Amino acid sequence: MKDDIKIIEKAKKLHKLGKIDEAIKYYKKIIEKNKKNPQLNYLIGTALLQKKNYEEAIYYISKAIDLKKDSEHYFNNIGIALSQLNNNTAAIKNYKKALELNPNFIDANINLAIAYKKILKFEEAIKFFNISLKLSPNNYKIYNNIGNLFRDLGKTDKAIKSYDKSINLKKDNAEAFNNKAEIFLSKKKFKDAIKIFEKALDADPKFPFLFGKYIHTKMHICDWENFDSDLINIKEGLKKEEKLIEPFPMLSLIDDMVLQKKNSILYNNIAFQKCEDYDKGILKSKNKKIKIGYFGAEFYNHPVLQLTRDIFKNHDKSKFEIYGFFHGPVKDKLHFEVKEYFHEFYDITKKSDDEIVKLSREIGINIAINLTGYTSDSRNEIYLKRVAPIQISFLGYSGTMGTNFIDYIIGDDFLIPDRCKQYYTEKVLKLPGSFFPNPANIVISEKKFSKKSVGIPEDQFVFGSFNNSYKITPSMFKSWMEILKKSEKSILWLLNNNEIASNNLKKECIDSGINPNRIIFADKLIYSEHLKRFEIMDLFLDTFPYNGHTTVIEAIRRKVPTLTLTGDSFASRVAGSILNSIGLNQLITKNLDDYVKTAINLSMNKEKFFEIRQQLKKESTLALFDSQKYTKNLENLFLDVLEENN
């Protein structure tokens, strides 16, 4: 017995010192003889909770509760584990039990407020945050979480004030700095965001995914200081499974498919753990018509909706019932227009994950299409909880999601060749031609544009790239400078994404020995005019490793040849998929040297350039914009998937 007490005391000491693994080893050594000791079960559970081993933590803390039902700490900690496993409804019940035992228990009040926020019950969340503040008015954690609540409510100014209060109470508050910086990033206040991310890094360089956000923000303004060393740090860190970068920012930096898959799985394992098998509770509905649910944040004037709206319109309504589920921030004219194409259209923005899953199952959705993936305003927890028997990633996110709950991803033979299937956790579905959808008709302005009207000299060959600034890497820009050097009568026409990026690119131009006046920046226009001015461009220069997607198809639609560099990743093969489908493989290059040589050759060889432009005018190109045929092919894919799963 004395030996047992010594082991328990040693385990507790190790636990207090933060040597959690050693503590667990000693706890487990002694638990076999002390199975009915509630505190020992609780200590093991708490140690496992600290190690983020949530399921095992629940097992031991549940045993502690069975043996002793009057400890608020037991109920609070099991609530934390349940919440981390995305079961906030059960977490709330346990937090409430903790508060029945001790209404002034500050941790349970804070955790209850957070759990209510997660299920979008904001009034209840505010109530318990206010109680928490009365109990602990100088608690930095409360102000940080209130900031998160205001942010979810779209009250960003109030959120920033709350984060500032949190930071004033704890100067090295990496989490509050990170949250505040994310707001400035969303507002496109890039320099401010960078400064705040730097403060977060100073406070905690290992704060999850912080480094990647910092790099991604710098990419928005083409700030490439330390780019090479930063990239090395990300690659080396990922090999050690460090939480450095979220999946989306990585697409524009690294083409390595092994690392992309590894990073997506790492992110998924942290963000989307579950405490129950949601798959067991779902029945495969046998409806008269096949029910397809399109879930997305992009049901407004956004590239994803611009590309998919004809699909919704063209679906064979005699065989398919089409449902829209919107969880985005914007409702505009196009939002209300596209609603008419659906059998039913639901605004699920204010619904909890469980409410959305319940709604989808009541409708009997057969296939759920995830249009958002890891991009803004995603709701991936609904797929974790199995919103439909079959769940497919389509278009919105250009890569593997690294999950075990997204069943399929839609591609084509070029986009995801068989050799690359191993880098996807999803099964790959392949459409004939290109996977890239397009509307058949699109409004193009009749406004007259000329080189003179956009500030381009008449005698210059126009290289252009209207891709986002964060897609421009130093090596890509260097290749563009090489092209300008060898093509003397030419200019580079870029989109003015923001003034800071434009100024930084001009400085890079000077450093490369190129007159900065040879870069001309196009201001943003309404979409119909943006499309119209493409006629001025001679050759579209694509980016790598994140190709243009919508921008490339816009160029092709306007008969502008597009030169791309293709790699292995989804994001780096989109332009190649489009070009391959219309037989323009000579514009698909595999290394920077060939990319540069091809661009120079096309600018100087008028005969070859004319031949390619003529090919873009052939009828074969029109297949890209046959939205009825595309929709039929997509429906056939859905039918194949349903047959496979019956």
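Derivation of every value follows stated rules applied to the coordinates shown; laboratory data play no part. All of these numbers come straight from a predicted model, not from anything done at the bench. A quick note on method: Cβ atoms are made from the backbone with ideal geometry, for glycine too, and the neighbour counts reach across all protein chains shown.
Rounded to the nearest 500, what is the chain's calculated 222 nm mean residue ellipticity when only DSSP H runs of at least 4 contribute -39500 (n - 2.57) each, over all residues?
Counting only the DSSP helices, I get -16000 deg cm²/dmol.
Give me the number: length gained by fully extending Lys206 to Lys485, i.e. 0.36 nm times residue separation minus the C-alpha to C-alpha distance, one decimal in nm. Numbers along the way, then the final one.
Details: separation 279, 0.36 × 279 = 100.44 nm, distance 4.23 nm.
Net length gain for the segment: 96.2 nm.
Once the piece of chain linking Asp523 and Lys478 is laid out straight, how much longer is it, given 0.36 nm per residue of separation minus the C-alpha distance between them?
13.9 nm
Output the Cα-based Rg and Dmax of region 296-435 in Å, rounding Rg to one decimal and Dmax to a whole number.
When restricted to the Cα atoms of region 296-435, Rg and Dmax are 14.8, 43 Å.
Using only the Cα atoms, work out Rg/Rh for region 147-299, with Rh taken as the Kirkwood radius, to two decimals.
1.06
Express in % the proportion of alpha carbon pairs of the chain at distances exceeding 37 Å.
Within the chain, distances greater than 37 Å cover 43 percent of Cα pairs.
Under the Karplus relation 6.51 cos²θ - 1.76 cosθ + 1.60, θ = phi - 60°, what is the ordered set of whole-Hz ³J(HN,Hα) values for region 536-553, x standing for Gly and Pro?
So the J values, rounded to whole Hz, are 7, 6, 8, 9, 7, 9, 7, 9, 8, x, 9, 4, x, 10, 4, 4, 5, 5.
I need the calculated FRET efficiency for the pair Lys52 and Glu644, taking r as the beta carbon distance and R₀ as 35 Å, to the nearest 0.05.
Working from the Cβ atoms, E equals 0.50.
Cα extents of region 570-636 along the three principal axes, largest first, in whole Å?
44, 27, 11
With a 10 Å Cβ neighbour count serving as the proxy for reagent exposure, in which order, fewest first, do Met604, Met257 appear?
Listed from fewest to most nearby Cβ atoms, that is Met604, Met257.
Quick check: residue separation of Phe227 and Lys68 times 0.36 nm, minus the Cα distance between them. What number comes out in nm?
Separation in residues times 0.36 nm, less the Cα-Cα distance, equals 51.7 nm.
Need one number: convex hull volume per residue for region 1-145, Cα atoms only, in Å³.
111
Radius of gyration and Dmax for region 452-625's Cα atoms, expressed in Å?
Expressed in Å, the Cα Rg and Dmax of region 452-625 come to 14.9, 44.
Apply the Karplus curve 6.51 cos²θ - 1.76 cosθ + 1.60, θ = phi - 60°, to the phi angles in region 528-534 and return the couplings in whole Hz, x for Gly and Pro.
My calculation for region 528-534 gives 5, 6, 4, 5, 4, 6, 4 Hz in order.
Could you go through region 310-325 in sequence order and give the Karplus-derived ³J(HN,Hα) for each residue, using 6.51 cos²θ - 1.76 cosθ + 1.60 with θ = phi - 60°, rounded to whole Hz, and x for Gly and Pro?
In residue order, the calculated couplings are 5, 4, 4, 6, 8, 3, 6, 6, 7, 10, 10, 9, 9, 10, x, 10 Hz.
Fewest first, what order do Cys222, Cys420, Cys509 take by the number of other Cβ atoms within 10 Å?
Values: Cys222 23, Cys420 17, Cys509 20.
With the sparsest Cβ surroundings first, the list reads Cys420, Cys509, Cys222.
Please list, ordered by chain and number, the residues whose modelled amide H lies under 5 Å from the amide H of Thr589; skip anything fewer than 5 residues away on the same chain.
Hits under the 5 Å cutoff: Thr564, Leu565, Thr566.
For region 452-625, give the magnitude of the charge dipole about the Cα centre (Cβ charges: +1 Lys/Arg, -1 Asp/Glu; no others), in debye to the nearest 20.
Around 180 debye, computed over region 452-625.
Which pairs in the list Lys471/Lys590; Lys127/Lys199; Lys93/Lys158; Lys451/Lys524 are over 21 Å apart, alpha-carbon to alpha-carbon?
Flagged as over cut-off: Lys127/Lys199; Lys93/Lys158.
So how do Thr562, Thr217 line up by other beta-carbon neighbours within 10 Å, fewest first?
Ranked by crowding around the Cβ, least crowded first: Thr217, Thr562.
For a quick check: with amide H placed at 1.01 Å from N, whose amide H comes under 5 Å from Lys427's, ignoring anything fewer than 5 positions away on the same chain?
So Lys427 has HN proximity to Tyr408, Ile409.
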